[in-house]
Amino acid sequence: MKKALITGITGQDGSYLVEFLLKKGYEVWGLIRRSSSFNTGRIDHLYKDPHEQPKVRLIYGDLTDGANLSTIINDIKPDEIYNLGAQSHVRVSFDMPIYTVNSDALGTLRLLEAIRSCGKEVKFYQASSSEMYGKVIETPQTEKTPFYPRSPYACAKVYSYWQTVNYREAYDIFACNGILFNHESPRRGETFVTRKITRAAARIKLGLQDKLYMGNLDAKRDWGFAGDYVEAMWLMLQQEKPDDYVISTGQTHSVKEFLEMVFQYLDMDWRKYVKIDERYFRPTEVDLLLGDCSKARRILKWEPKVTFEQLAKMMTDSDMKIAENEKVLVEYEKNAKGKGK
């Protein structure tokens, strides 16, 4: 049985990846940071059944602690490591640049060093990002397109990308970069633009919210489904030779298009509810991202399955259910207060 260690296992990608690996028969370990409250909502269904052996094992650790990472890798002896852990919000990286670099850039270096010194052959996947292309030099972007990062997050990811390549070439480590373009799902964090839109639209539809405040509606992104993209991560580590791959849909849509699709799906006119707030603009904007994943299609035999429209509807349906439950609770509390008068 293969063993996999996932950093960032409690995030969107981590939750889909652990489900995928368990179906493949893996023993899965997940690195989580110690905090006063659990942040395991996305994976609770995988390990909280008291009548079963845990399907995934969680272990405390942090990408800012290199010594601890070495201990964990030496103890677990994983066959594969998927480095998904990061401060992954681009806008927040402007507010927390040093922390972002410490976890996203140096965290990758600490993992690579731990692998180099562990004495075991470990395959390594690095979650690189389309944000590395930033102020794009060419469209669409391929594995050969030069990087032009436009945020502390993107700069940190570029550092990690080249360290992964360097350790592959210098120490013969099986290390791959997956340059993933934007990938969303109902498990996306609520501060990311797609989920922010679907969450707000559902609440507005049910009278729980009045307005949605947005930033740049003209930015264009190549949006896919996270559940599709984790398969590509795994496929990279199953090849004979390590390499780097762009993972994308090959289609681009603006934030405004996503907004229109979601509100139209709920039979609402978005212009009545959306207000532009300059606080949500980035200091430096990335205007257009569009990936060419022909290499992944050819070598990995991978291709996206969920369309842009299906993704928008999937996320909206999920947030409608959440909003419906929220409305029931609000009405219950309102009635309880009325009876208490």
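The values are calculated or read from the model by the stated rules, or taken from the named source; none is laboratory data. Since this is a predicted model, take the numbers as computed values, not measurements. Every residue, glycine as well, gets a Cβ built from its backbone with ideal geometry; the counts of neighbours run over all protein chains shown. Ligands, DNA and RNA are stripped out before the accessible areas are found, and what is left, the full protein with its side chains, is counted by its heavy atoms. Shrake-Rupley method; radii C 1.70, N 1.55, O 1.52, S 1.80 Å.
Some observations on this one:
- Ile299 sits with roughly 60 Å² accessible to a 1.4 Å probe, with DNA, RNA and ligands left out of the calculation.
- Accessible surface comparison of Lys295, Lys334, Lys135, Lys3, probe 1.4 Å, protein chains only, largest first: the order is Lys334, Lys135, Lys3, Lys295.
- Local electrostatic count, Arg33, Cβ distance below 11 Å [Lys/Arg +1, Asp/Glu -1]: -1
- Out-of-range pairs (alpha-carbon distance over 20 Å; input Lys55/Lys241; Lys205/Lys321; Lys272/Lys321): Lys55/Lys241; Lys272/Lys321
- Relative to the longest principal axis of the Cα atoms of the chain, the long axis of helix 106-118 makes an angle of roughly 40 degrees.
- Average Cα contact separation per residue, region 1-135, under 8 Å, 6 or more apart, as relative contact order %: 27
- Whole-number accessible area per residue in Å² for the chain, which is evaluated in the context of all protein chains at 1.4 Å: 49
- Read-out semi-axes √(5λ) of the Cα gyration tensor in Å, derived from the coordinates shown; its label in (i) 34, 25, 18; (ii) 28, 25, 21; (iii) 34, 22, 19: (i)
- Surface composition of region 119-180: carbon plus sulfur atoms hold 51% of the accessible area, using a 1.4 angstrom probe and ignoring ligands, DNA and RNA.
- Taking the DSSP beta bridges with both ends in region 129-267, the antiparallel portion is around 25 percent.
- Protection proxy ranking, highest mean first, for peptides 166-173, 189-196, 232-239: 232-239, 189-196, 166-173, where packing is the per-residue count of other beta-carbon atoms within 10 Å, averaged.
- Amide H contacts under 5 Å for Thr249: Gly291, restricted to partners 5 or more places along the chain or on a different chain, H placed in the peptide plane at 1.01 Å from N.
- Rolling a 1.4 Å probe over the protein chains gives Ser130 an accessible area of about 0 Å².
- Surface share of carbon and sulfur [accessible, 1.4 angstrom probe, percent] for region 235-341: 49
- Region 201-341, relative contact order in percent, only Cα pairs under 8 angstrom and at least six apart counted: 38
- Each Lys and Arg contributes +1 and each Asp and Glu -1, all at the Cβ; summed about the Cα centre of region 181-227, the dipole is approximately 140 debye.
- Computed with every protein chain present, the accessible area of Leu58 is close to 50 Å² [probe 1.4 Å].
- The chain: most fluctuating residue of Gly224, Gly207, Gly134 per GNM, C-alpha cutoff 10 Å: Gly207
- Full extension of the segment from Arg57 to Tyr280, taken as 0.36 nm per residue of separation minus the current Cα-Cα distance, would add 76.5 nm.
- Within region 216-245: backbone nitrogen closer than 14 Å to the Asp287 label point (7 Å, Cα to C-beta): 217-221
- Total formal charge among the other residues, if their Cβ is under 13 angstrom from that of Arg91, Lys/Arg +1 and Asp/Glu -1: -1
- Here the chain carries DSSP beta bridges of which approximately 5% are antiparallel, counting only pairs with both residues inside.
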